[in-house]
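Here is the structure we will look at.
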Number of protein chains: 2
Amino acid sequence: MSSQNKLIFLPLGGAGEIGMNMYLYGYGPEGKERFILVDLGVTFPTMDTTPGVDLIMADPAYIEARADRLDAIFITHAHEDHIGALGMLYPKLAAPVYARPFTAAVARAKMEERGQDPWVVQVVDSYPEQIEAGPFTVSYLPLAHSIPEAAGLIIDTPAGRIVHTGDFKLDLEPIVGEPYDPALFAEIAQGGIKALVCDSTNVFSPHRGKSESTLNANITELIANASGMMVATTFASNVARLKTLAQAGVDAGRSVCVLGRSMQRMLGYAHSTGVLEDFPPTIELEDVADVPRENLMLIVTGSQGEGRAASAQLARGKYLGITMRENDTFLFSSKTIPGNEVSVGRIINSLSAMGVTVIDDSAGKYHVSGHANRPDLEEIHDILNPQMLIPMHGEYRHLKEHKELGESKGIAGIIAPNGAMIDLTGETPEVLDHIETSRLYMDGTRLIGAFDGVVLQRIRMATRGAVAMSIIIEDNDVIGVWAEAMGLPDTIGSGPSLNEAIEVTVEQELMSAKKNLIKSDDEVERLVSRIVNRVCKDEVGKKPVSQIMINRLVED
Amino acid sequence: MSSQNKLIFLPLGGAGEIGMNMYLYGYGPEGKERFILVDLGVTFPTMDTTPGVDLIMADPAYIEARADRLDAIFITHAHEDHIGALGMLYPKLAAPVYARPFTAAVARAKMEERGQDPWVVQVVDSYPEQIEAGPFTVSYLPLAHSIPEAAGLIIDTPAGRIVHTGDFKLDLEPIVGEPYDPALFAEIAQGGIKALVCDSTNVFSPHRGKSESTLNANITELIANASGMMVATTFASNVARLKTLAQAGVDAGRSVCVLGRSMQRMLGYAHSTGVLEDFPPTIELEDVADVPRENLMLIVTGSQGEGRAASAQLARGKYLGITMRENDTFLFSSKTIPGNEVSVGRIINSLSAMGVTVIDDSAGKYHVSGHANRPDLEEIHDILNPQMLIPMHGEYRHLKEHKELGESKGIAGIIAPNGAMIDLTGETPEVLDHIETSRLYMDGTRLIGAFDGVVLQRIRMATRGAVAMSIIIEDNDVIGVWAEAMGLPDTIGSGPSLNEAIEVTVEQELMSAKKNLIKSDDEVERLVSRIVNRVCKDEVGKKPVSQIMINRLVED
C-alpha cells in the first residue's frame, strides 16, 4: 500500500447511465482515505427488467464497508435521481447530511418516510459558507436547473479545488432561484480548478439552452386562445414552471387549481423555505365545480404518463370528479423521458378521442430543458479552465462526447463510468482501480440486491408461467399428486385440463420409477421438474418455472 | 332486419392503433352480407402488458362466426402487421387468399410455419387483373412502401368503387418496385370513387415525403469516409434499402456480407419472384474472416434493438465470431419505433463504449419513411376525389387529423376505430353498429384470448411474486403445511425464512381453527390465502399470488 495522499473520485451510480446518482470523493493514503458522498438518488423500475420493484438505487457497498471514514453526505438538489434513496440508504451510512433549505425540506421528508431521524439533515447557506468534512471543505454554488435551489459543490481539498456541478443550466432569468452569475464562476476559479466534474446530459444539443423565462409568452398566448377548460401538466418539482403556468392562467382570466399531492407538496416546501414568492392566487378543488370550464385552468401531475397520476386518470375518463370534453385543451409543458413514449402516447390518443386539443412540446415552445447544452458547457469550461474534466450524469456516449469536447480545448479528460476509481492527484486523471458496483432494489418493504435472483424468478414466471406441485409419499409409495398451473392456459384443446395432464403423467412415471429414486427428494424433484417441462412444452409450448413440494408422511 | 343491400366497412384491428391490421368489407342485405377480409396482421408484445406472449392479433370472432359468407382474403403487403397472423388465423376463416408474387411467397411461408396448406395462397397480377369474390371485384394497385410490391386494393362493389390504400408513399424512384404513377390514379378515379380508405400514419408530417432514392448519395458518402469495419442495420424486409446499402458498400470498395436469416429470407423471396434485380455481389459469412476490416461491410438485423438480433449481440460483444472495435462505424438506417427507444439506446451506448462511431437517423439523412406525408395524402385526395374518406392505419389522433384534412376539402369523413361498423351505401358514411372487438395472443403454441386471465395472472406474479402452499389434512387434522415462495425475498432480516414464517403462522391458525372450517376446502383456502397475504405484507411488503393445494388423505 502506498502511504502517499491521494485524491480520488469514484462514481457508484449515475455515470454511464442517467439516474440514481451517487458519487464518492476520497482523500488520504490508501486504505485510510476520508470520504464524502455526493447525492443518493434512485432510478425507476420497468416491467422489462425490474417488475414489481418500487425503486432502484446504486448499491453503496463500497462506502458502507468504510462508513466509519465517511465524513459527510452532500445533496445537490431535490430531484429523485439525486435524493430519492436518502431515507433508504441512510442507515447503512449514518454520516451528517447537508443541503440547502428547499432541498433539506425534501430530504427531511425522505428521511421521515423511511423511519429515519429528519434532523440529521443540516441546512446550509450557499457560497461563501463552508462546511468542513474531514480533509474536505465544501461550499454550495447556486446554479439554475428545473427545480429550486439546485447547486454545484466547490470542494476544496489539500490537492486542489474541485467543482462538482450537479445538474445545471445557464439561465439568466430562471423565474425561481438565482440567475447564472458568470462573475461568481470567475471568482471561484481564481485560485485554479483542479477538476471539473460536470453534467453531460445535453452535450449533444448544439445550440445555447433557452431560459425558463422564454416560455412565458408562448404559454400565455396558448392559454389566452384556449376555448374550453385548460389543463396543463409538468414535472411536479419544476416550481418555476408551475408559477409560469399559473400566472398565464390568471392573466387569461382563469381560476387556477393546482391538483396532485406531489405538486402541492413541492409548492409547500418552496413557500415555507422562501424560495417561491408571488405565486398567483389559486382555488381549491372544492371550488372547481363552481367555475365555468372556459374560465378554469387545472395544473396536474403525470407528464410522463404515470398510470395513477391525474393526466392518465383524466385520459381514462375522470379524476376527482373532473372530466375533459370536446374543445378543452391539454398541454404537456414537459418532455417525454425515453422509455415513457408509449404511456404518454396512450394519454394523447385517449384525450384526442374525447375531442380534446392536445399540445405537446414537439414545436419546442412550451418546455425548456434543465441541463446545459453544448455551448453552455463550453462556456463553463472556459470560465473555470479546469486542469481536468470528468464528465458525469450521462450515458456512455454522453460522457465520451463531453470528454472529447474538453480535450478539444486541451483539458485532460477521462471517462469514469460507475466503479471506475479515478486518481485526481497528478497532472492528469488516471484510473486507479475498478470497484464492483451493483444496484439495490426497494421491493415492497425490503432492500434486495439486483443479483439475488428474486426479480429474475419473477421475470421467468411472467414469461413462462409457473407450476406448483405437491407430491405426497408414504412409505416410499406415491399416494398423492397435485398440480396447479399459474399463468398458463388451463385447458388443452377440448381434452383434460393442463393440471390433469401433468398429474396423470407424473403419477404414471413415479409409479413406474425405481424405489431408490422415490427415496431421494432430490431425484423425485428432478424427475418431476423434467416431466412438468415436457408436458407443458407439448401441450402449451412453454417451459414454466416449477416448484415441487414433496411431503413425506411419517408414521407417528 | 332490413332487406336493403348495404356496403359496410368494419375494421377489426389496426384502426385507432398502429399494428395488427384486419379490415372487413361486406355487401348485401343485413344478415346475408357477403364478406372479404383485407390483411391479417400481428402486433408485438411488451413486458408491460403481455409478458411471455409471442404475437398479438385482432380476434376475428365476428367474421369467424360468418366464415361461410367470407369469399376471399386479400393481403396488401408482406409486413408483419399485415400478414403475420395469416397462418395462425387461417383455420378459423378458410377462404381463398390472394396476394402479389413477393407477398404470396411470404404468405405461403407463414402458412407452412403453422402447418397450413401454402397453396391456398393464390398469386395475382396487379391492375387491370381482377379477382371476383362474391359481390366484390378486386384489383391490386401497385404502390411504393418500404417493402417490395406493396399495393392498394381497388374494390368494385354494386354500390361503387372503394380504394383501400394499404400502407403507401408516393415515390417516383423507389429503387425496387413500381414508381408512383399519377396517371394510373387518375385513370382508376375516372368512374368516380365512392370511398377512399387511407393510410394515416404520417398525417402529422408537414412536408412532402422523400424518395428512397435520395438516400443513396448520403449513405455512399458515409461509407466512403468510414475507416474501420462498417456495419449497417435496417428493417429486414426493406429490400430497396438493403440494395442501397450493399451498393454503397461495394462502391466504396468493400466486400459486403448480409447477415441475419430474416434478411436473407427476404432477399431470397425478392430474387425468386423477380422483384429484385442487380443486387450487388456479396460474400458469405465464412469468407468474412479473410477480409481486412477496413474493406468489410456487414448488413445486419436488429434495427429496433431486438435482444437476439445481430445488432444487440454485436453490442454485447460478439456475433457469429465477429466483434466491433474502436473506429468501426455502425449505421442505423432506420427509425426507432416508439417503445423501442430504450433497447436501441442500450445498443448505441454499448457500441459507443467500444469506441465505435454510431450513426443514427437523427439528422434525417439515412432513412426515409414508407408512409405518405400530409401533402402526399392531399395529392391522393385530390386525384381520386372520393365521395368519402375513411382514415385507417393510425392511432386515434392520426385518424382524427386525417378526417379533418379531408373535410377541409369537402370530403365527408368518419373516424372508424376498431369495431365501428360503417355504412358506406349512402352519400355520407354512417356508423351502423359497434361490434365488440378483442385480441388473441399466440402464447407458446396456443391461441388464447386477451381476457382469458392467463396473462393477467403472469403480470400479477411478476409484480407481486407467488406463494404455493401444500396443506395435508387427515381426518380433519392438519398434519402437514408446506410453503414455497417464488419471486420473493426468502430471508427475513436475520430471522427465519419467509417460507418458515408462512408455515408457522398457517399451522398455528389452522390448529386453532374450528373443526367445521377444516372440513371445507373453500374455507381452508380462503383462510390460508388471507394468512399468506398478511404474513407476506408484514414481512416483505407484498401481497403475492397464492396457490393453495389441499390434500385430504383418505383411509384405504
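Summary of computed values
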quantity	calculated
Distance-filtered residues of the stretch B:257-278 - backbone nitrogen under 14 Å, label point 7 angstrom along B:Asp287 Cα→Cβ	B:257-259
Among beta bridges that DSSP assigns inside the stretch A:162-316, antiparallel share in %, nearest 5	0
Cα-Cα P(r), the stretch A:304-436, percent of pairs per 10 Å interval	11, 28, 19, 17, 16, 8, 1
Sites B:Ser3 and B:Gln122 - FRET efficiency at Förster radius 41 Å, r taken between beta-carbons, to 0.05	0.80
Partners for B:Lys243 among aspartates and glutamates (Cα-Cα distance below 16 Å; same-chain residues under 8 apart left out)	B:Glu149, B:Glu173, B:Glu178, B:Glu212, B:Glu221, B:Asp251, B:Glu277, B:Asp278
Length-normalised contact order of the stretch A:213-359 in % [C-alpha pairs under 8 Å, at least 6 apart]	29
Virtual spin-label span in nm between A:Asn327 and A:Ala363, 7 Å along Cα→Cβ	2.1
For B:Ser520, label point 7 Å along C-beta direction: distances to other copies, nm	4.5
Accessible area buried, both sides summed, chains A and B with 1.4 Å probe, Å²	4900
FRET efficiency for B:His434 and A:Arg346, using Cβ-Cβ distance with R0 set to 25 Å, rounded to 0.05	0.75
Enclosed volume per residue, in Å³, of the convex hull spanned by Cα atoms of the stretch A:169-298	145
Set of lysines near B:Lys210 by C-alpha distance (under 16 Å), chain-local residues within fewer than 8 positions excluded	B:Lys169, B:Lys335, B:Lys365
3J(HN,Hα) from dihedral phi, the stretch A:178-194, Karplus parametrisation 6.51/-1.76/1.60, rounded to Hz, x for glycine, proline	7, x, 4, 10, x, 5, 5, 4, 4, 4, 6, 8, 4, x, x, 10, 5
For A:Gly426, distant residues with modelled amide H under 5 Å away	none
Peptide A:50-57, shielding by other chains (average Cβ, 10 Å cutoff)	3
Candidate lysines for bridging to A:Lys400, where Cα separation is under 19 Å - those fewer than 8 sequence places away on the same chain excluded	A:Lys409
Mean projection area, nm², convex hull over Cα of the stretch A:465-553	5.0
Angle in degrees between helix B:101-113 and the longest Cα principal axis of chain B, rounded to the nearest 10	20
Apportionment of accessible area to carbon and sulfur, the protein assembly as shown, percent (1.4 Å)	46
Helix B:239-251 axis, angle to chain B major axis (alpha carbon atoms, nearest 10°)	70
Residues in the stretch A:150-167 reached by a label modelled at A:Glu277 [backbone nitrogen below 19 Å; 7 Å Cα→Cβ]	A:150
Between 0 and 90°, nearest 10: helix A:374-384 axis offset from chain A longest Cα axis	60
A:Val358 long-range amide H proximity, modeled H, under 5 Å	A:Phe330
Förster radius 25 Å - calculated FRET efficiency between A:Glu64 and A:Thr445 (Cβ-Cβ, nearest 0.05)	0.80
Cα gyration tensor of the stretch A:213-359 - equivalent ellipsoid semi-axes, whole Å, descending	21, 18, 15
Contact order normalised by residue count of the stretch B:227-296, Cα under 8 Å, 6+ apart, percent	46
Computed lengthening from B:Lys537 to B:Arg316, 0.36 nm per intervening residue step minus Cα-Cα distance	75.7 nm
Per residue value of the accessible surface for the stretch A:213-359 (all protein chains in place, 1.4 Å probe), Å²	41
For A:Pro91, label point 7 Å along C-beta direction: distances to other copies, nm	5.5
Karplus-derived 3J(HN,Hα), 6.51/-1.76/1.60, for each residue of the stretch A:52-58, Hz, glycine and proline x	x, 6, 8, 8, 10, 9, 5
Note, ³J(HN,Hα) from phi for the stretch A:522-538, Karplus 6.51, -1.76, 1.60, rounded to Hz, x at Gly and Pro	4, 5, 4, 4, 4, 4, 5, 4, 4, 5, 4, 4, 5, 4, 5, 4, 4
Percentage of interatomic Cα-Cα distances in the protein assembly as shown larger than 46 Å	43
Point-to-point label distance, B:Ser227-A:Thr137, nm (Cα→Cβ direction, 7 Å offset)	4.6
Amide proton proximity set for B:Ile390, modelled H, under 5 Å, gap of 5+	B:Leu196, B:Val197, B:Cys198
Linear extension gain, B:Thr46 paired with B:Ala94, 0.36 nm per residue minus alpha-carbon span	14.3 nm
Label geometry 7 Å along the beta-carbon vector: B:Asp278 inter-copy distances in nm	6.8
Under the Debye formula (equal points on every Cα, no solvent term), log10 I(q)/I(0) of chain A at q = 0.06, 0.07, 0.08 Å⁻¹	-0.40, -0.53, -0.66
Mean separation of Cα contacts under 8 Å, 6 or more apart, over the residue count of chain A: relative contact order %	14
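The values are calculated or read from the model by the stated rules, or taken from the named source; none is laboratory data. Quantities reported herein were computed from a predicted structural model and do not represent experimental measurements. Note that we place each Cβ from the backbone using ideal geometry, even for glycine, and neighbour counts take in every protein chain shown. Accessible surface is based on the protein model in full, side chains and every heavy atom, while ligands, DNA and RNA are left aside. Shrake-Rupley method; radii C 1.70, N 1.55, O 1.52, S 1.80 Å.
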